[in-house]
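These notes are about the structure you will find just below.
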Number of protein chains: 2
Amino acid sequence: MPDAAQFFDRIDRPARLPDGVASAIIDAIETRQLQPGDRLPTEMELARRFGVARTVVREAISLLRYDGIVQSRRGVGAFVADPAQKSTFRISPACFEKRKRIVQLLELRTGVQAGASALAAEMRTEAEMRDIRQTLAEVEAADRLGPAAALEQRVDSELLLYRRIAEASGNEYYVEVTRMIETTIQNNLRSAFLKNAANSEFGPQIMAEHHAVVDALIARDAEAARLATRSRFERAAHRLAARQDFL
Amino acid sequence: MPDAAQFFDRIDRPARLPDGVASAIIDAIETRQLQPGDRLPTEMELARRFGVARTVVREAISLLRYDGIVQSRRGVGAFVADPAQKSTFRISPACFEKRKRIVQLLELRTGVQAGASALAAEMRTEAEMRDIRQTLAEVEAADRLGPAAALEQRVDSELLLYRRIAEASGNEYYVEVTRMIETTIQNNLRSAFLKNAANSEFGPQIMAEHHAVVDALIARDAEAARLATRSRFERAAHRLAARQDFL
DNA sequence: GTCAAAACAGTTGTCTGACAACCAGACATA
DNA sequence: TATGTCTGGTTGTCAGACAACTGTTTTGAC
């Protein structure tokens, strides 16, 4: 049932207060107003300055502490930590506003996914191989329907294919990192991906790229898998970046 | 001034309440007691069950929300999110209790660092190359002092060498990921690293491994850099895992 | 009986005030 | 000098209240 409502995005509600406070503090740290080792103003003082309650400030600081950006000591205060102590890898949505950052993110994705493929070539079980071939068949089926048909389905089955491959590596960290990167990209660039898929990400050449990867996995050839995966994601990134409407 | 106090470690203070509550909830999610889409008990109810104040529960939930593990809607409740929505990569200290997990983490480190090296071979500037050679010289100097002397210094300069290389890639995500992985490893395995460095991580062979990497960077040979880095970290991981006292 | 508006109960988000635990430094004391 | 004590300040936790919001139920007009 076609519905005009699909064109209306959610209005951006005022974000949660603690998130705002947290990013304000992060901002102060990134702009060097607050340097490693410096003490943050007291929670009372911050609450006064931001015009919020202390509970809000506390929640904000607890987020930063969770990421290892600040350390707090009871009875003393909260201190900006050594940046090397950051214990989390997180991709901020703001990064998707700069073309350069997106290209770098796609580079990282290429490298990590290629590493996962290489491992998978060595570690895969027969059952996993069956799943992978099955998923590849789904990609192929969607591809045969033409560029515009089953668009989302095609993109999703492609994503699933490479997630399956990462899982076949048997390395949970690779699984987590690739999934986290993919999730972030999809959340922020989904529309560009779809447009791209409708224009250039289909047809025999693209299918040949996928096949090269899967064939290497079948042959248990780690180096070939790495190369094929690298080549596939490099080309995909290149095609995406070449689009006129890409940022 | 030798001081007996050096034998006294910090006593482990009781962790913060919100952290405990958060990991209890994460536990419930990982053991499938709470499945994606399920609603968490209300904050009141959780506070009652855990025997803490609601502010503590709120702080805990805000951490999970920050990682994309739960989503909360005012007036309704907090819900376990789709695991694919997790927006962070984080290595829990608990992972260092299982040998298998550590090996996997070292695998990831190898792959990512190799990717960074390959990029660095192409993107490095002359100034960065000078810094890298300078750092390599420091490693070499520390190495010449023998296995036991300047132990920490040698390990640290090695870490610095590969951090410099990652920075020379010009890709901030590679810098962040490698640094985050390295930080976590050092925070949890520092002592093993030091013991290992005193026993096997020194001498001409190890220096040759470093030189192979740097030479590839000088030659701007991406594939050689990838291979040399991979080889260096794979061997280091192997030597570490071969130790008797390693878990 | 139908349907929309209004009231309601329940939940999260924020605010306020209080007290406990803790710390650094000043001060007193031996 | 070394040790104990006090004091003000800070973070950690608690308790209670209200605001904002949601899903459901009730009410009332037709």
Output for segment A:77-124, where each listed residue is free of Cβ contacts under 8 Å to residues at least 12 places away in the same chain, under 23 Å from A:LEU34 (Cα atoms) and within 11 Å of chain B (Cβ to nearest Cβ): A:ALA84, A:SER92, A:CYS95
Top-ranked residue in segment A:29-55 [being free of Cβ contacts under 8 Å to residues at least 40 places away in the same chain, within 7 Å of DNA strand D (Cβ to nearest atom) and under 11 Å from A:ALA78 (Cβ atoms); ranked as surrounded by the most Cβ atoms within 10 Å (Cβ to Cβ)]: A:GLU43
Index of the failed condition, A:ARG133 passing every other in (1) within 12 Å of chain B (Cβ to nearest Cβ); (2) at pLDDT 95 or above; (3) away from DNA strand D (no atom under 16 Å from the Cβ): (1)
Qualifying positions in segment A:89-102 - β-branched (Val, Ile, Thr) and within 15 Å of A:SER23 (Cβ to Cβ): A:ILE91
Residue satisfying condition, being within 14 Å of chain B (Cβ to nearest Cβ), crowded, with 21+ Cβ neighbours inside 10 Å and closer than 30 Å to B:SER231 by Cα, within set A:ALA228, A:ALA166: A:ALA166
Odd one out for A:LEU136 among (1) farther than 12 Å from A:LEU217 by Cβ; (2) touching a residue at least 12 places away in the same chain (Cβ under 8 Å); (3) not in a loop (DSSP other than H, G, I, E, B): (1)
Residue selected from segment A:45-67 under the condition among the charged types (D, E, K, R), under 26 Å from B:MET180 (Cα atoms) and in contact with a helix residue (DSSP H, G or I) (Cβ under 7 Å, 6 or more places away or on another chain), by the criterion nearest to DNA strand C (Cβ to nearest atom): A:GLU59
All positions within segment B:193-212 that are surrounded by 18 or more Cβ atoms within 10 Å (Cβ to Cβ) and either without any contact (Cβ under 8 Å) to a residue 24 or more places away in the chain or under 27 Å from A:LYS86 (Cα atoms) (or both): B:PHE193, B:ASN196, B:ALA197, B:GLU201, B:HIS210
Some residue of segment B:183-190 being assigned to a helix (DSSP H, G or I), at pLDDT 95 or above and either under 25 Å from A:THR184 (Cβ atoms) or charged (D, E, K, R) (or both): no
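The values are calculated or read from the model by the stated rules, or taken from the named source; none is laboratory data. What you are looking at is a predicted structure, and each value in this text was computed from that prediction instead of being measured. Please note: Cβ atoms are built from the backbone with ideal geometry, for glycine as well, and neighbour counts cover all protein chains shown.
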